[in-house]
Structure formats: C-alpha cells, structure tokens
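Here it is, the structure in full.
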Amino acid sequence: MTTQTSRREFIGAAALVIGFAVPMGRRAAAMPKASASFAPNAFVRIAQDDSVTVIIKHVEFGQGPSTGLTTMVADELDADWSQMRMAFAPANDPLYKNLIFGTMGTGGSTAMANSWIQMRSAGAAARAMLVEAAARRWGVPIGEVTVSRGLVSHGGRTARFGELAEAAARLPVPDKPVLKTPDRWTLIGKDLPKLDSVAKSDGSAVFTVDIMRPGMVTATILHPPSFGGRVRSVDKAPALAVPGVVAVEVVPQGVVVYAEGTYPAMRGKAALTVDWDLSAAETRSSEEIIRTWAAAAASPGKEAEKTGDAAAALASATRTLEATYVFPFLAHAPMETLDAVIERRGDRADVWMGSQWQAGDMAAIAASMDLPAEAVTLHEQFAGGSFGRRATPNMDFATEAGAAAAAYPNAPVKFVWTRENDITGGRYRPIFVHKLRGGLNRDGDIIAWDQVIAGQSIFVGSPMEAVAVKNGVDATMVEGATESSYHWDNHRVGVHVMQSPVPPLWWRSVGNTHTAYTVETFVDELLQLGGKDPVSGRLARMKDSRGQGVLRRVAELADWGRPPAAGRSFGVAMHRSFGTYVAQIAEVSRRANGLPRVHKVWCAVDCGVPINPNVIRAQMEGGIGYGLGHALYGDLTLGEGGQVMQSNFHDYRSLRIGEMPDVEVAVIASEEKPTGVGEPGLPPIAPAVANAWRRLTGRSVRRLPFAHESNV
C-alpha cells in the first residue's frame, strides 16, 4: 500500500482480490442512477430500469432498519429482492416522522413497530397502481393480473415494473390499499441478508468521516476537564504556531481548533493552554457520588409503583434478604465517534451526518448558525454505532457542531470528536444505586419485594421533562422494576431523582440496563433461598404466556436440568423491554484472573412477527456481546476533582473477539405486531452470568462491573 492509497481503497482492493462481494450490498449502498419515473408515495421510487428504491426514514447504524423497511415494501409489492435499493430520507417531519415519537427519530427499538403498517401500505399502493396500469394496457380485469418477483402477468403476457412505471404514475394513489394476509407473505419471515453488509465490509459504504468538500477544514474541540466547566481564557498562540492550523475559536462548549487535516488539528489542540472556570463543575468523585446516592436509597423515596403492603409482609416473613447494588457511569463508545460536515452557502447550509434525530438536529444546527430551520439541508449518512449516543433531548452535539461551523464561516467544516472527546466528554448512563429487600414465607414462597432506586434522571431539566416525568417519577429510571414480569402480592418500587452536573443519557436499553440486573439476580437468590428451581420458580410467578414461552424455549435449547461440566455452571435470566421478551442461559467458568469466562449463551426471543430472523439473531448476538463487555469491564469513573479517569479503549475496556461466547438464538414464531430487537438482547446477559457465577463461586456480584476490585 502506498501512502497515496486510502483506507477504503485498500479495503476495496482486498475485497476484489479475494472475491468477497455480494451484488446486493453494492447496489443497496448507492442511490439509484436511473431516473425515478414512478413515485406513488414518499417511500417508494420505481425507475425505468426496474429498480425499486425504498426511502429509509431511520438512521442506519448497524441495527438493520434499512433491510427491515425494504422487506416490508418488497413483500407487499411482490418485488424480486434483487431489484430492491435503499436511500436515506431527508429531514422532514411531516413525511418521515416516527409514528410513535411524533418526530423523525430512531430509538427505543421502535423502527419496525412504528413502520409496520405504513411501509407495507406504501408497497401495497405501488403494487395496486402497477396492476391497474397493466390491466388497462392489456384490456383485462384488474383481478386477473398477477405479480410475482417483479413481473406483472396476465395469461402469456408479462411486463416489468419499469415498463409500467410511466403509466402507473398517471393513476390516482389508492387511499386504503389492501394488505396481504400472513399466508401470502413471500419475504417477511425469511432470512434475508442485510442490505448494507457487503458495502460496509468492502469499504464502499460512505460515512460522515469519508465526506470531503472543496476547501474543507477539519475541526476538533477541547472540552473542560470537569463537567459543568467553562472557558475563562485561552492562549491561542501555541496552537496557531502548529503547521496546518488555520484558526482557534472559543465556543460555548470549549475551544475549537481548525486545521488543514486531522493530525494538525489534534496537534493544535494538544498545544492549547486554557484557563477553565470550574466554579459550577461536578467536583465529586464517583465514590463520593455513590455514597450520596446510597444514603438516599436507604429511605423510601417517591413511590413509583405499589401493590399490597411490602413493609408489613417483610415484617411477617420467615426469612428475609437484603442487598445494595451499585452501577457505574457508562460511556456509549460507538466505533465511529460523533462527527458532522457543515457547509454554509450564503443564507443556506448543507449538513452531512448520521443523524439519529434528523429534524431536531437540523433545527439545532440552524439555531447555532443563526439560520431558519428550513435553510438547513441534511444529507443523511451511515453511522458507525450509537447505542443511544447520537440522540439527546437537547441535541447537544448538533448544537456544538453548528457553533463550530458558525465560528469559522470561511470554508466547509468537518467537525470530528476524538475518542478522548467521546470517553471524557460524552453523556453517560448515570450511576445508580438500588436497595432491595425481599421476604419468604414458611414454604419458601416470595411474599414481599421492596426496591428503592437512586440516580439521575435523563429528562428532568430537559425540554422533554413535561412528557417523560409524571408525578415526580421519571419512568425510564424504574422501567423493568415497575410493571414487573412477575406477580408479587406485596410489591413496592421507590425512586430518588439525584442531581449532578454530569450530563446523563439513555444507554442501550435505558433503565433496563440496571433494573433487569437487580430484579433477575435478586429473584434468583430468593428462589435459591426458598429451595426453588430458577426456571420453574420463575415460571410459577410469571404473569403472561409470552414470558413463559421464551423461558421454556431457552430451557429446551440449553437442556436445563442437566449437570454442568466440571468447573462450570449455568445461570438464567428473562426480561421484557420495549415490548420484546428475551430469555438467556449462560454457561460460565472461572478464569485464572478471577473473572467469569462465558462459554455459551442460549437465547430465546419473542418480538412479535419476526420480519427478518437473520437480523433478529444478529441483534441478539450484538446485544449479548455489548452487554457482556460492559458487565465485565465497563467502569467510567470520576476521580479527584471530578475528572474522568478513562480516555480511550485502552482503559475503557470492551469485549474482545476471543471473549465472545458461542451464541444460539431461537426466534419464536408469532402473529403479534412486531416490536424491536436493537436493545432487548442486552438486559438479560449480565444477570444470567451473575446467577451462574454465584452458583459456581458462592459469591453474589452486587457492584458492576465484574472486574471491580470488590469482586475479584
């Protein structure tokens, strides 16, 4: 490889040499080159070359909505999978809003759920118009025209979509197109390859970091060393002396260095000397915060849910169990750090980014640049992961990127966060402390459950507080503990909303990241204390049949009840989140360093109609890997003065490829409306491993991660 060969050119060349190419991926990543002559609605474009392009209203960061939405349209259209393409939608709330959120956005595992009827209707409308166009051409009844794999037929006559596109475009769009019944689905429920996999493998997929504009400068930012800090003064001279640095500007979020490339920008940032005002900053360490949160959790807190009288039941219990759980700050750490390219042209601006909240992000950028919202055009890009980080209630990154572009109006600006920006200056899954008390009767049955949760709210103080916080309770702090999968006669959940300048944010599966762990490990300990089997004990207390179904299925997969191999143990957990039920069983042994080795995970998932089992299995595997890595190692800590102690992947550890367990997934057949799979695979893995670990070692892990010094 020469110094002139780019990373992507190298990847592409390697892929060509070894013959690793699947045509679908290359086609899917590109916008259609042929003219779109038939556009029956905002989601479907049919060109004269027979290609069908589906407009994707959700960001694609690996979770698969581009494949899922395209599948819905293709099935109702009776298209051939090989003719399907995808293109990202522009920022446009009236056309492309998430029907659950009411605005454009991707999150809460809602992409399939909110689009289920909408996208199928879009495909069905296009099909009806093609059929009518064919019937008119041939002078036959509409009911005698058939469509199969992209070919419209009557008797011995056939026509391709492209041949009918022009005539179909002149017909009225049906108001209520008839949708297929499940027995006629040809693609939904089938294992289809993800549309973007090959392009992402051979380097042809374009991410924001790949965007280049004439005269563009690269900008990076230095944030305050503690959350809540501000710039008091800065000495720009040392940074401006670095070859390639063209400007240094102060913005509300920190100091931005502009340069003729990434390396001089990073060198210029390293040369900055800044006097910070930390008078309003968080100066407590993580340990100080945990002690404060734990003291709060010792009292009942605001009541989030109550059934029966947990206090009285505890007082009458034959045996009781009490435990305090501690969860650390967690960073999202997407593989592609946050970035945006912004080019101002007079009174308009173009933005290239992988936006998770498209209309909101464009409005924030426009406000930072003193432009009306409609003057900003989004060119949506693939994004390299998110796990919640690319969407915030305050559009903080978009606001910052807009401020950086506004401060340097002379050229297009590629604003890129470094990994250090991401780890030390992100928004985190906040610290949580849980206090649990449970009681058993003489027969070993659970008769009392009292749980108090202390932590920061994502929504209190944000523009979304009025919607998300009711009677002082942020539902995302207690979800998974309230509306439990189990029936308890005496059950209480309380919550304390704590305050800190550290900005909190939803993290993959939100409140379920910590509530699933406490509920599923505490119930396991109570069942063991009462002499009950972990699976049958759960089944006896489970409220609904879908939860029972995934638990029974995963027990079948793992052959629950068989003795483990020497030195190994099994643990089980089941959790419902975002309307999806997931049960997992982990097989665990002990490593020489004192940490668990997870050999295999069996998983059963019920997410309603399985639109694409291939994507569902991949999301379960990804959720298990991401969740296991953070359960074992994830620990972002504030040290003395509130400064973040980690900065990159060398000290904010992820799961390594050799640590990924073998995973076997069973997807439950269902006729329920589809729900999401991007997040629900994560919550059960940590408690499943912890339950296996306790049975293997006799030790309960009540402070995460497993690698914390209190556990090894």
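The values are calculated or read from the model by the stated rules, or taken from the named source; none is laboratory data. Fair warning: this is a prediction, and the values are worked out from it, not measured in the lab. Every residue, glycine as well, gets a Cβ built from its backbone with ideal geometry; the counts of neighbours run over all protein chains shown. Note: accessible area is taken over every heavy atom of the protein model, side chains too, but ligands, DNA and RNA are not part of it. Shrake-Rupley method; radii C 1.70, N 1.55, O 1.52, S 1.80 Å.
State, as an integer percentage, the relative contact order of segment 434-559 based on alpha-carbon contacts under 8 Å between residues 6 or more apart. Kindly include the intermediate steps, with their values, before the conclusion.
Values: 152 pairs, mean separation 35.6, N = 126.
Relative contact order of segment 434-559: 28 percent.
In Å², and per residue, what accessible area does the chain have when probed at 1.4 Å with the other protein chains present?
Working: 27640 Å² over 712 residues.
Here the residues of the chain average 39 Å² of exposed surface.
Sorted by packing (mean other beta-carbon atoms within 10 Å per residue), highest first, where do 599-607, 283-291, 85-93 land? Intermediate values should be presented prior to the final figure.
Values: 599-607: 24.2, 283-291: 17.2, 85-93: 19.4.
Peptide ranking by packing, descending: 599-607, 85-93, 283-291.
Shifting gears a bit: Can you tell which of V178, V198, L164 lies farthest toward the positive end of the dipole of segment 164-207, using +1 and -1 charges on the Cβ of basic and acidic side chains (Lys, Arg; Asp, Glu)?
Result: V178, furthest along the dipole toward the positive end.
Using 0.36 nm times the number of residues separating D544 and R232, minus their current alpha carbon distance, what extension gain do you get? Don't jump to the answer; show the numbers that get you there.
Values: separation 312, 0.36 × 312 = 112.32 nm, distance 5.78 nm.
The D544-R232 span can extend by a further 106.5 nm.
Quick check: convex hull of the Cα atoms in segment 434-590, volume per residue, rounded to a whole Å³? The partial results should precede the final answer.
Numbers: hull volume 21.5 nm³, N = 157.
For segment 434-590, the hull spanned by Cα atoms encloses 137 Å³ per residue.
Of the options L440, A411, G461, report the single residue whose Cα projects farthest towards the positive end of the charge dipole of segment 397-513 (beta-carbon charges: Lys, Arg +1; Asp, Glu -1).
So the residue we want is A411.
With only Lys, Arg, Asp and Glu charged, each at its Cβ (+1 for the first two, -1 for the last two), find how big the charge dipole of segment 463-584 is about the Cα centre; round to the nearest 20 debye.
Numbers: 13 positive and 12 negative charges, 59 e Å.
In debye, rounded to 20, segment 463-584 gives about 280.
With 32 Å as the limit, write out which pairs from K194/K414; K180/K306; K414/K470 have Cα-Cα distances beyond it, or answer none. Don't skip to the end; give the middle numbers.
On the way: K194/K414 29 Å; K180/K306 44 Å; K414/K470 40 Å.
Over 32 Å Cα-Cα: K180/K306; K414/K470.
Determine, for each peptide in 346-353, 571-578, the mean count of other beta carbons within 10 angstrom over its residues, then list the peptides with the highest first. Walk me through the numbers on the way to the answer.
Details: 346-353: 18.2, 571-578: 26.4.
Going by the mean number of other Cβ atoms within 10 Å, highest first, we get 571-578, 346-353.
Additional query: Ignoring ligands, DNA and RNA, please state the percent of accessible area on the chain from carbon and sulfur, probe 1.4 Å.
Of all accessible area on the chain, carbon and sulfur atoms account for 52 percent.
Considering the options L682, G143, F327, tell which one lies farthest towards the positive end of the dipole of the chain, charges being +1 on Lys and Arg and -1 on Asp and Glu at the Cβ, about the Cα centre.
Checked the options; the winner is G143.
With charges only on Cβ, +1 for K and R and -1 for D and E, what is the dipole size of segment 248-296 about its Cα centre, in debye, rounded to 20? Could you put the intermediate results ahead of the total?
Values: 4 positive and 7 negative charges, 29 e Å.
Using only the charged Cβ atoms, the result is roughly 140 debye.
Also, quick follow-up: Segment 522-563: which trypsin sites (Lys or Arg not before Pro) are DSSP loop and have at most 14 other beta-carbon atoms within 10 angstrom? Don't skip to the answer; put the middle values down first.
Details: sites: K532, R538, R541, K543, R546, R552, R553; in loops: K532, K543.
Sparse-neighbourhood loop trypsin sites (Lys or Arg not before Pro): K543.
Give me, ordered by chain and number, the residues 5 or more places off F329 or on other chains with an amide H under 5 Å from its own placed amide H.
For F329, the qualifying residues are I431, L636.
Counting pairs of alpha carbon atoms under 8 Å apart in space and at least six apart in sequence, what relative contact order in percent does the chain give?
Working: 1596 pairs, mean separation 99.6, N = 712.
Worked out over the chain, it gives 14 percent.
If R0 is 60 Å, what FRET efficiency do you get for R157 and E374 from their C-beta distance, rounded to 0.05? The partial results should precede the final answer.
On the way: r = 47 Å, r/R0 = 0.79.
Calculated transfer efficiency: 0.80.
With just the Cα atoms defining each centre, how far is segment 135-202 from segment 538-559? Give it in Å.
40 Å
Along segment 285-294, what does the Karplus equation 6.51 cos²θ - 1.76 cosθ + 1.60 (θ = phi - 60°) give for ³J(HN,Hα), rounded to whole Hz, x for Gly and Pro?
Ordered by residue, 3J(HN,Hα) equals 7, 4, 5, 5, 5, 4, 4, 5, 5, 5 Hz.
Per residue of the chain, what 222 nm ellipticity follows from adding -39500 (n - 2.57) for every DSSP H run with n ≥ 4, rounded to the nearest 500?
On the way: 21 runs with 223 residues, N = 712.
Result for the chain: -9500 deg cm²/dmol, rounded to the nearest 500.
Restricting to the chain, compute how many DSSP beta bridges are antiparallel as a %, nearest 5. Intermediate values should be presented prior to the final figure.
Working: 88 of 119 bridges.
Here the antiparallel bridges make up roughly 75 percent for the chain.
Something else about it: For a quick protection proxy, order the peptides 486-499, 164-177 by their average other-Cβ count within 10 Å, most packed first. If you can, show how the numbers build up before the last one.
On the way: 486-499: 19.9, 164-177: 15.4.
Put in order of decreasing packing, that is 486-499, 164-177.
Where the only charges are on Cβ atoms (+1 Lys, Arg; -1 Asp, Glu), what is the dipole of the chain about its Cα centre, to the nearest 20 debye? Display every interim value, and only then the final one.
On the way: 72 positive and 72 negative charges, 204 e Å.
For the chain, the charge dipole is close to 980 debye.
Per residue of segment 451-468, in order, report the coupling 6.51 cos²θ - 1.76 cosθ + 1.60 (Karplus, θ = phi - 60°) as ³J(HN,Hα) in whole Hz, putting x for Gly and Pro.
Residue by residue, segment 451-468 yields 9, 10, 10, 10, x, 7, 8, 6, 9, 4, x, 9, x, 9, 4, 4, 7, 9 Hz.
Around A304, which amide H atoms from residues at least 5 apart in sequence, or from another chain, sit under 5 Å from its own amide H, with H modelled in the peptide plane?
Amide H neighbours of A304: V493, G494, V495.
For segment 605-617, in order, what is each residue's ³J(HN,Hα) by Karplus, 6.51 cos²θ - 1.76 cosθ + 1.60 with θ = phi - 60°, in whole Hz (x at glycine and Pro)?
Those phi angles translate into 9, 10, 10, x, 3, x, 4, 9, x, 4, 5, 4, 4 Hz.
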